[in-house]
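Novice: First the structure, then my questions, so here it is.
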Amino acid sequence: MLSRGDAVVYKCRGLYKVEEIGTLDFSFADQKKKYYTLQSVEDARDRAYVPTDDETNIRKPVSREEAMDLISRMPDIDVLSVKNEKLREQEYKNCISDYCPENWVKVLKTLYRRTQSRGSVTSMDRKYQMLLEHALYSEFSYVLGVPVGEMTKFIAEHTGKSS
């Protein structure tokens, strides 16, 4: 059970704080159910409502040690092997559906490599790249105390590679 003020990662949408816990005053909401009201750390207009009895879409942020470990292992994380171009987006969705940062890195590496080999980025790849970079960088920024805007540089310095 989460408490007010707790930081959480919500789906692939980045870092949120638990603002309230209780019933919602919306006509569509089940008045018998309790919800977490989540407030985005980066966007004051972005709120989410998650039932307290279903935490499948939220998780606690990784620890500082877990973040540094993942960053150090980034060069060794494999890319996805997409066998059918028509199913590419579904492969991305399947890989990121567990909201695991290592899988986000796997998809991002796939996107970077694909863009590099194509010489350009597709709109779908751009969408996933922006989504996952935002999710990963906002979480890492929070646990490492590094501004989001400096995360690419920080990762490059700690992996010996620039992306």
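Novice: Say whether the condition of being aromatic (Phe, Trp, Tyr) and more than 30 Å from GLY145 (Cβ to Cβ) is met by at least one residue in the stretch 9-18. Before the answer, list the steps.
Specialist: The first filter runs over the stretch 9-18 and keeps only residues aromatic (Phe, Trp, Tyr), leaving 10, 16.
Then drop every residue that is not more than 30 Å from GLY145 (Cβ to Cβ), which leaves none.
No: zero hits.
Novice: What is the number of the single condition among (1) closer than 14 Å to VAL9 by Cβ; (2) free of Cβ contacts under 8 Å to residues at least 40 places away in the same chain that SER138 does not meet?
Specialist: With respect to (1) closer than 14 Å to VAL9 by Cβ; (2) free of Cβ contacts under 8 Å to residues at least 40 places away in the same chain, SER138 is out only on (2).
Here's the yes/no breakdown for (1) part of a strand (DSSP E or B); (2) at pLDDT below 95; (3) within 30 Å of GLY160 (Cβ to Cβ); (4) assigned by TED's automatic domain parsing to the domain that holds LYS106:
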position	(1), (2), (3), (4)
ILE21	yes, no, no, no
LEU38	yes, no, no, no
ALA44	no, yes, no, no
TYR49	yes, yes, no, no
ARG73	no, no, yes, yes
LEU87	no, yes, no, yes
GLU91	no, yes, yes, yes
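Every residue, every condition in (1) in contact with a Cys (Cβ under 7 Å, 6 or more places away or on another chain); (2) among the small types (Gly, Ala, Ser); (3) surrounded by 17 or more Cβ atoms within 10 Å (Cβ to Cβ), yes or no:
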position: SER3; (1), (2), (3): no, yes, no
position: LEU24; (1), (2), (3): no, no, no
position: TYR35; (1), (2), (3): no, no, yes
position: ARG45; (1), (2), (3): no, no, no
position: LEU70; (1), (2), (3): no, no, yes
position: ASP76; (1), (2), (3): no, no, no
position: ASN84; (1), (2), (3): no, no, no
position: LYS93; (1), (2), (3): no, no, no
position: VAL105; (1), (2), (3): no, no, yes
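The values are calculated or read from the model by the stated rules, or taken from the named source; none is laboratory data. From a predicted model like this one, the values you see are computed outputs, not experimental measurements. Cβ coordinates were reconstructed from backbone atoms using ideal geometry, including for glycine residues, and neighbour counts include every protein chain displayed.
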